[in-house]
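Everything on this sheet refers to the single structure shown next.
Laboratory data are not the source of any read-out in this text; all were calculated from the coordinates shown. From a predicted model like this one, the values you see are computed outputs, not experimental measurements. When we count neighbours, we look across all protein chains shown, and the Cβ atoms used for this are built from the backbone with ideal geometry, even at glycine.
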Ligand SMILES: NC(=O)c1ccc[n+]([C@@H]2O[C@H](COP(=O)([O-])OP(=O)(O)OC[C@H]3O[C@@H](n4cnc5c(N)ncnc54)[C@H](OP(=O)(O)O)[C@@H]3O)[C@@H](O)[C@H]2O)c1
């Protein structure tokens with residue numbers, strides 16, 4: 001377990017790093033992502049921050065950015081309006097950041113929700129709870145590869161906040177759970193998590209500079225968890241949002257979570273070992289910052305090429321979304 005004090009000390013050391021880290025946050029309008037963004041803006045030196053909000057949350061998010069500008073005027077804070085429940089909107093985000101930057105050092109992804117109220121497909125024909133937690137996240141990694149591989153730091157960071165280490169049964173015959181008999185809010189959560197780990201591992205193997213963390217935060221007292229409470233999901237003793245964001249930032253910036261020969265961000269805290277990667281090459285991390293092991297399931301899937309099947313299916317989904325055009329003004333969500 002990494003103590004909160006260690007996390008806070010590490011995060012404070014961000015101020016000693018070279019100026020101008022470029023970070024993109026997807027999901028920072030609320031909860032863990034919002035807190036991670038606040039901690040990053042507080043500690044980083046002249047950060048160049050890009051953050052995504054869907055139209056309904058643009059005003060409140062711009063207010064947050066205004067307060068961050070006041071507390072750290074050395075940073076730049078750019079809001080990109082996009083609804084990441086649509087895969088095609090990710091391309092809009094990537095296009096916006098590519099106009100201004102040639103590199104991305106940190107990609108932080110925490111958008112997502114549990115679909116307690118049932119499946120309501122987007123105009124792309126996908127379950128938005130799966131899109132926010134799987135398709136759009138992987139589309140962001142795929143489309144940002146040139147910028148990530150051009151990062152100023154030796155090991156650019158990708159952090160996905162969901163349920164790393166909690167991969168479970170995968171419906172291989174119906175990957176996007178199209179059959180109503182296969183879909184439930186729980187199945188779509190497990191499917192997003194499992195496909196996420198397999199696809200992120202594939203990216204890690206093909207892009208050895210990338211540091212990828214898939215974090216399971218455990219219960220964190222966010223607006224998302226408050227909503228889950230209305231549907232009977234109220235786990236005891238959740239972590240505070242403040243702590244969740246601090247721990248998320250630690251995972252995104254500590255060289256404890258780094259590939260061999262990588263690093264370049266905050267040196268690993270004294271007394272802690274470098275974290276152990278999964279057999280597929282990413283960091284599956286538990287709520288308190290330790291590596292978890294789900295090789296019993298993952299190794300078998302990799303051996304059977306399920307990771308390749310998942311990615312091949314995902315690319316077909318991306319192609320179908322691209323074919324439908326990108327006119328977001330038609331979106332009804
Ligand atoms: N909190 C926990 O206890 C917990 C535990 C395990 C895993 N997780 C996972 O960790 C991630 C972050 O959780 P959190 O508690 O910080 O969540 P949160 O407070 O609900 O924030 C979720 C983020 O996702 C965006 N989002 C939600 N629904 C969306 C939709 N339909 N379309 C587009 N964007 C949408 C939100 O945007 P808006 O602000 O515009 O709504 C917000 O930026 C989620 O994927 C969650 O499933 C959370």
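On inspection, residue 253 fails the criterion of being more than 16 Å from residue 1 (Cα to Cα), touching a helix residue (DSSP H, G or I) at 6+ places or on another chain (Cβ under 8 Å) and within 16 Å of the ligand (Cβ to nearest atom). The condition (being more than 22 Å from residue 221 (Cα to Cα), within 12 Å of the ligand (Cβ to nearest atom) and touching a helix residue (DSSP H, G or I) at 6+ places or on another chain (Cβ under 8 Å)) is satisfied by just one residue among 51, 29, 81: 81. If only residues of the range 17-42 that are without any contact (Cβ under 8 Å) to a residue 60 or more places away in the chain and closer than 24 Å to residue 102 by Cβ are counted, the one that is surrounded by the most Cβ atoms within 10 Å (Cβ to Cβ) is 41.
Within the range 89-96, identify whether any single residue is within 18 Å of residue 315 (Cα to Cα), in contact with a strand residue (DSSP E or B) (Cβ under 7 Å, 6 or more places away or on another chain) and buried (at least 23 other Cβ atoms within 10 Å of the Cβ), and answer yes or no.
no
Restricting attention to the range 119-158, which residues are part of a loop (DSSP other than H, G, I, E, B), more than 13 Å from the ligand (Cβ to nearest atom) and over 20 Å from residue 82 (Cα atoms)? Across the range 119-158, the qualifying residues are 149, 150, 151, 152, 153, 154, 155, 156. If you go through the range 55-71 one residue at a time, do you hit one that is touching a residue at least 24 places away in the same chain (Cβ under 8 Å), surrounded by fewer than 23 Cβ atoms within 10 Å (Cβ to Cβ) and away from the ligand (no atom under 16 Å from the Cβ)? The answer is yes; a qualifying residue exists.
Do we find a residue being farther than 15 Å from residue 129 by Cβ and within 15 Å of the ligand (Cβ to nearest atom) anywhere in the range 177-185? Working first, answer last.
Of the range 177-185, the ones farther than 15 Å from residue 129 by Cβ are 179, 181.
Those still in the list that are within 15 Å of the ligand (Cβ to nearest atom) too: none.
So far as the range 177-185 goes, no, none of its residues is farther than 15 Å from residue 129 by Cβ and within 15 Å of the ligand (Cβ to nearest atom).
Looking only at the range 186-215, how many residues end up being out of contact with any strand residue (DSSP E or B) (no Cβ under 7 Å at 6 or more places or on another chain) and within 10 Å of the ligand (Cβ to nearest atom)? Matching residues across the range 186-215 total 3.
Within the range 101-118, can you find the residues that are in contact with a strand residue (DSSP E or B) (Cβ under 7 Å, 6 or more places away or on another chain) and more than 9 Å from the ligand (Cβ to nearest atom)? Show your work before the answer.
Taking the range 101-118 first, the residues in contact with a strand residue (DSSP E or B) (Cβ under 7 Å, 6 or more places away or on another chain) are 101, 103-111.
Once the filter is applied, which keeps residues that are in contact with a strand residue (DSSP E or B) (Cβ under 7 Å, 6 or more places away or on another chain) and more than 9 Å from the ligand (Cβ to nearest atom), the range 101-118 yields 101, 103, 104, 105, 106, 107, 108.
Tell me, please, whether a residue that is over 21 Å from residue 299 (Cβ atoms) and buried (at least 18 other Cβ atoms within 10 Å of the Cβ) can be found in the range 190-206. No; the residues of the range 190-206 include none that is over 21 Å from residue 299 (Cβ atoms) and buried (at least 18 other Cβ atoms within 10 Å of the Cβ).
Look at residue 218 and say whether it is under 20 Å from the mean Cα position of the chain (by Cα), part of a loop (DSSP other than H, G, I, E, B) and within 16 Å of the ligand (Cβ to nearest atom). Yes; evaluated as a whole, the condition is true for this residue.
Please indicate, with yes or no, whether at least one residue in the range 19-27 is over 18 Å from residue 254 (Cα atoms) and either in contact with a strand residue (DSSP E or B) (Cβ under 8 Å, 6 or more places away or on another chain) or part of a loop (DSSP other than H, G, I, E, B) (or both). Steps first, answer last, please.
Filtering the range 19-27 down to residues over 18 Å from residue 254 (Cα atoms) leaves 26-27.
Subsequent filtering for residues that are either in contact with a strand residue (DSSP E or B) (Cβ under 8 Å, 6 or more places away or on another chain) or part of a loop (DSSP other than H, G, I, E, B) (or both) retains 26-27.
Looking through the range 19-27, at least one residue is over 18 Å from residue 254 (Cα atoms) and either in contact with a strand residue (DSSP E or B) (Cβ under 8 Å, 6 or more places away or on another chain) or part of a loop (DSSP other than H, G, I, E, B) (or both).
One residue stands out among those in the range 232-250 that are away from the ligand (no atom under 13 Å from the Cβ) and in contact (Cβ under 8 Å) with a residue 60 or more places away in the chain: the one that is surrounded by the most Cβ atoms within 10 Å (Cβ to Cβ), which is 249.
State whether the residues of the range 96-106 include one that is closer than 26 Å to residue 8 by Cα and in contact with a helix residue (DSSP H, G or I) (Cβ under 7 Å, 6 or more places away or on another chain). Yes, the range 96-106 has at least one match.
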